[in-house]
Amino acid sequence: MGAPCRGACLGLALLLSLAAALTGGRGALSAPSGPPASTALESAWRQLDEVELAGIRKREVKFVDAVYAPDVVMFPLYGPFKVQGVERAREAWRSVYDTFATVTRCEWSERQYHASGAAASWMTCLWYLDGANSDGQPLEMVLRVTRQYEKRHGRWLVVHEHLSAALR
């Protein structure tokens, strides 16, 4: 019929095998989610998150030292694509406040926490951020948030945060 497919067929076979392994034969890709968080652990992470949300509502950066690990890695909404360390995280939050002269709504919904062992976890949510710029023009955003927490020296801290806006 035609020439043997050689490398292309082998690559396709490997891809199909990988897809079958990841889907467990169910036909849809899924990542391991980790066990649901216990009520006590989820409460600790929610308290940490509420410190951040309160700081954002006040347009302060003081919360950064209480919430983020010294070596935090962020993919912020404004400013550089990637920042590392709390000083750079403060700068990233200041750039948000340069855009949002006022914050009228700042809330996270659909939070889902997952334990990743005794000292690590992650969370996803939607972030509703409304306010106005310095000219009084209304700003409304819905963002996706993914955070990773680690327990260091008996204290939970955010070690990674990724913010993104859906393009519509």
### Query
Does any residue in the range 79-101 that is without any contact (Cβ under 8 Å) to a residue 40 or more places away in the chain and polar (S, T, N, Q) come within less than 6 Å, Cβ to Cβ, of a residue that is buried (at least 17 other Cβ atoms within 10 Å of the Cβ) and not in a loop (DSSP other than H, G, I, E, B) six or more places away or on a different chain, and which pairs are these?
Gln84/Val73
### Task
Residues that are farther than 24 Å from Ser38 by Cβ and in contact with an Asp or Glu (Cβ under 6 Å, 6 or more places away or on another chain): find the strands (runs of 3 or more DSSP E) completely inside the range 52-168 holding 2 or more of those.
102-115, 120-132
### Query
Are any of the residues in the range 125-132 in contact (Cβ under 8 Å) with a residue 24 or more places away in the chain, more than 16 Å from Val96 (Cβ to Cβ) and surrounded by 14 or more Cβ atoms within 10 Å (Cβ to Cβ)?
no
### Query
Does His160 satisfy the criteria of being over 19 Å from Val73 (Cα atoms), crowded, with 16+ Cβ neighbours inside 10 Å and in contact (Cβ under 8 Å) with a residue 40 or more places away in the chain?
no
### Summary
For the range 117-134, the count of residues that are more than 15 Å from the chain's Cα centre (by Cα) and over 21 Å from Arg57 (Cβ atoms) equals 3
#### Entry: Thr102 being over 23 Å from Trp122 (Cβ atoms), exposed (fewer than 15 other Cβ atoms within 10 Å of the Cβ) and modelled with pLDDT of 50 or more
yes
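Can Asp49 be described as more than 23 Å from Asn133 (Cα to Cα), within 17 Å of the chain's Cα centre (by Cα), modelled with pLDDT of 95 or more and among the acidic types (Asp, Glu)?
In short, yes.
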### Task
Count, please, the residues in the range 135-157 that happen to be of a type outside the set (Asp, Glu), loosely packed, with under 11 Cβ neighbours inside 10 Å and closer than 20 Å to Lys58 by Cα.
3
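The values are calculated or read from the model by the stated rules, or taken from the named source; none is laboratory data. Note that the coordinates shown come from a computational prediction; the quantities given were computed from them, not determined experimentally. For neighbour counting, all protein chains shown are included, and Cβ atoms are generated from backbone atoms with ideal geometry for every residue, glycine included.
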